[in-house]
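Asks: Have a look at the structure that comes next, please.
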């Protein structure tokens with residue numbers, strides 16, 4: 001991919017260690033992927049593509065314009081995946097309005113229990129990539145799509161061996177999801193243009209770390225080429241084995 005987004009943050013020592021350690025090798029992708037769309041809801045984008053310092057006044061978790069850029073690229077990824085009938089799994093943070101199940105979120109953010117004035121728009125997945133009837137929606141309370149959810153059993157039932165990950169934010173819920181996917185022995189592709197963060201350094205260094213240890217950080221064009229080359233999934237109604 002040529003120059004990587006994290007290159008400017010690496011010291012000469014970092015580069016030397018990376019070369020000597022063996023980390024960063026391409027792990028490769030399998031033959032049965034699913035696309036995981038992590039937390040692409042309005043709370044993380046704001047209600048419109050605005051500069052982050054403008055958006056953050058109302059939307060404390062926003063990624064601003066970079067979040068919206070990732071949304072538009074994810075729409076392209078989903079188009080390519082659906083052309084091959086690849087399963088698409090979305091996550092949504094579904095905490096209670098009274099904050100009773102907010103856990104430790106409030107401990108690290110002084111605005112954690114703030115409410116927006118958006119009339120409930122915040123928790124909804126951005127309409128440009130809204131789920132379709134055959135897609136799967138996972139409700140979660142913590143960063144990873146895998147923590148306390150049924151996603152592993154769902155992916156196993158679909159014979160998925162690979163996950164292509166898109167979402168917000170790179171250093172938080174995306175990274176946590178990627179680490180857990182790796183831990184469950186799924187091959188992982190993180191689609192770079194389909195992820196975004198509030199902080200440039202967090203985005204870049206998290207991508208570096210995931211690419212070094214847990215999966216392959218790939219471009220959207222690479223993801224499209226990969227999807228075009230795999231065998232198409234059976235239609236949803238044909239996924240259930242006859243003996244069931």
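Asks: Out of all the residues in segment 1-20, which are outside any helix (DSSP H, G or I), in contact with a helix residue (DSSP H, G or I) (Cβ under 9 Å, 6 or more places away or on another chain) and over 27 Å from residue 78 (Cα atoms)? Can you show your working first?
Replies: As a first pass, look at segment 1-20 and keep what is outside any helix (DSSP H, G or I): 1-6, 10-11.
Narrowing the set further to residues that are in contact with a helix residue (DSSP H, G or I) (Cβ under 9 Å, 6 or more places away or on another chain) leaves 1, 4-6, 10.
10, the sole residue that qualifies.
Asks: Hey, another quick one. If I filter segment 26-45 down to residues being in a loop (DSSP other than H, G, I, E, B) and at negative phi, which single residue comes out as surrounded by the fewest Cβ atoms within 10 Å (Cβ to Cβ)?
Replies: Top of the filtered list is 26.
Asks: Determine which member of the set 113, 141, 121 is without any contact (Cβ under 8 Å) to a residue 60 or more places away in the chain, more than 14 Å from the chain's Cα centre (by Cα) and more than 24 Å from residue 181 (Cα to Cα).
Replies: 113
Asks: Oh, and also: Could you check how many residues of segment 64-75 are touching a residue at least 40 places away in the same chain (Cβ under 8 Å) and out of contact with any helix residue (DSSP H, G or I) (no Cβ under 6 Å at 6 or more places or on another chain)?
Replies: 4
Asks: List, please: which pairs have Cβ atoms under 8 Å, are six or more places apart or on different chains, and start with a residue in segment 222-235 that is closer than 11 Å to residue 81 by Cα and end with one that is modelled with pLDDT of 95 or more and part of a helix (DSSP H, G or I)?
Replies: 223/77; 223/80; 224/76; 224/77; 224/80; 227/80; 227/81; 228/80
Asks: Same structure, new question: Which residue is nearest to residue 105 (Cα to Cα), if the candidates are limited to segment 55-80 and must be in a helix (DSSP H, G or I) and touching a strand residue (DSSP E or B) at 6+ places or on another chain (Cβ under 8 Å)?
Replies: For segment 55-80, the residue satisfying everything is 67.
Asks: Hey, any hits in segment 95-113 for a residue that's surrounded by 11 or more Cβ atoms within 10 Å (Cβ to Cβ), out of contact with any helix residue (DSSP H, G or I) (no Cβ under 8 Å at 6 or more places or on another chain) and at pLDDT 95 or above?
Replies: no
Asks: What's the number of the condition residue 2 fails, among (1) on the phi > 0 side of the Ramachandran plot; (2) surrounded by 11 or more Cβ atoms within 10 Å (Cβ to Cβ)?
Replies: (2)
Asks: Could you check, for segment 59-79, whether at least one of its residues is modelled with pLDDT under 95, farther than 26 Å from residue 226 by Cβ and over 16 Å from the mean Cα position of the chain (by Cα)?
Replies: Yes; the residues of segment 59-79 include at least one that is modelled with pLDDT under 95, farther than 26 Å from residue 226 by Cβ and over 16 Å from the mean Cα position of the chain (by Cα).
Asks: Please state which of the following conditions residue 48 fails to meet, knowing it meets all the rest: (1) farther than 30 Å from residue 139 by Cα; (2) in a loop (DSSP other than H, G, I, E, B); (3) touching a helix residue (DSSP H, G or I) at 6+ places or on another chain (Cβ under 9 Å).
Replies: Unmet condition: (1).
Asks: Looking at (1) crowded, with 18+ Cβ neighbours inside 10 Å; (2) in contact with a helix residue (DSSP H, G or I) (Cβ under 6 Å, 6 or more places away or on another chain); (3) under 30 Å from residue 159 (Cβ atoms), find the lone condition where residue 23 falls short.
Replies: (1)
Asks: Surrounded by 13 or more Cβ atoms within 10 Å (Cβ to Cβ), touching a residue at least 60 places away in the same chain (Cβ under 8 Å) and touching a helix residue (DSSP H, G or I) at 6+ places or on another chain (Cβ under 9 Å): is that true of residue 87 in this structure?
Replies: yes
The values are calculated or read from the model by the stated rules, or taken from the named source; none is laboratory data. Everything quoted here is computed from the prediction, not taken from an experiment. Note that we place each Cβ from the backbone using ideal geometry, even for glycine, and neighbour counts take in every protein chain shown.
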